[in-house]
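Bear in mind these aren't lab numbers, they're just calculated from the coordinates by the rules spelled out. Just so we're clear, the structure is a prediction, and the values are computed from it rather than from any experiment. When we count neighbours, we look across all protein chains shown, and the Cβ atoms used for this are built from the backbone with ideal geometry, even at glycine.
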2 protein chains.
Amino acid sequence: MTPSSDPADHAPVDPAASAAARQAPDSALEQLSAIRGTIDNIDAALIHILAERFKATQRVGRLKAENDLPPSDPEREKAQIQRLRHLAEAAHLDPEFAEKFLTFIISEVIRHHEAISEDRRRGTDA
Amino acid sequence: MTPSSDPADHAPVDPAASAAARQAPDSALEQLSAIRGTIDNIDAALIHILAERFKATQRVGRLKAENDLPPSDPEREKAQIQRLRHLAEAAHLDPEFAEKFLTFIISEVIRHHEAISEDRRRGTDA
């Protein structure tokens, strides 16, 4: 097997170089390399969609700060989690993972909202 | 403002019901509701793309278990993180967040790979 020359791969290491991989047949390493190419494409899509999501939540953060709305909204979060759990089930994704994922994203968003509020308060005090 | 009737929203609570929101003008609450609709659409896309990513990593997990390859691959992970940080910068997403996000996903994937390996070991011993 020759190392992948696909620039989308960006993996500098030939998987055949590790001690364990020397036991694996070339066909398995070729399959591994092909699936990794798919994963890399999916990850690029995820990053770009997440970038759009943060643009939207930044707009929410500014709106909330301008109107003295609290940075977090537990009722909305509860509804989002329930909805994503249902969507995950339909897509054969572990609903527990979907919930952990949304909680992870929301905690980052709230951190941003608090920072926006804090910046505005400092601006008002100055 | 009337509560959103958009079924994509799935938020059971009228944002105008909270004490803080009573201070906010209707136009702000309408804008908030519109942006939340966008966020809900983005989240549905994320869940479906993540479901495809886990299908791909499950194939990787089976391949690794069948060929006695280790569940984690630190060199590959390092390359993935560097690549996603660059993609995040280009998309105006915080690279720190992109790295935390990938680490979060990979830790879940490795947990799955270890479970597949463990199942196979138990199957061999039985």
Scoring only Lys, Arg, Asp and Glu (+1, +1, -1, -1) among other residues with Cβ under 12 Å from the Cβ of B:Arg59 yields +3
Sequence-distant lysines (8 or more away, or on other chains) whose Cα lies within less than 29 Å of B:Lys78
A:Lys55, A:Lys100, B:Lys55, B:Lys64, B:Lys100
Stretched out fully, how many nm does the piece from A:Arg122 to A:Glu77 gain, at 0.36 nm a residue minus the Cα gap?
13.4 nm
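How large is the convex hull of the Cα atoms of the range A:19-126 per residue, expressed in Å³ as a whole number? Intermediate results must be reported in sequence, preceding the final value.
Values: hull volume 16.3 nm³, N = 108.
Looking at the range A:19-126, the number lands at 151 Å³ per residue.
Efficiency by 1/(1 + (r/R0)^6): what FRET value for B:Lys55 and A:Glu114, r their Cβ-Cβ distance, R0 = 45 Å, to the nearest 0.05?
Values: r = 36 Å, r/R0 = 0.81.
The computed FRET efficiency comes out at 0.80.
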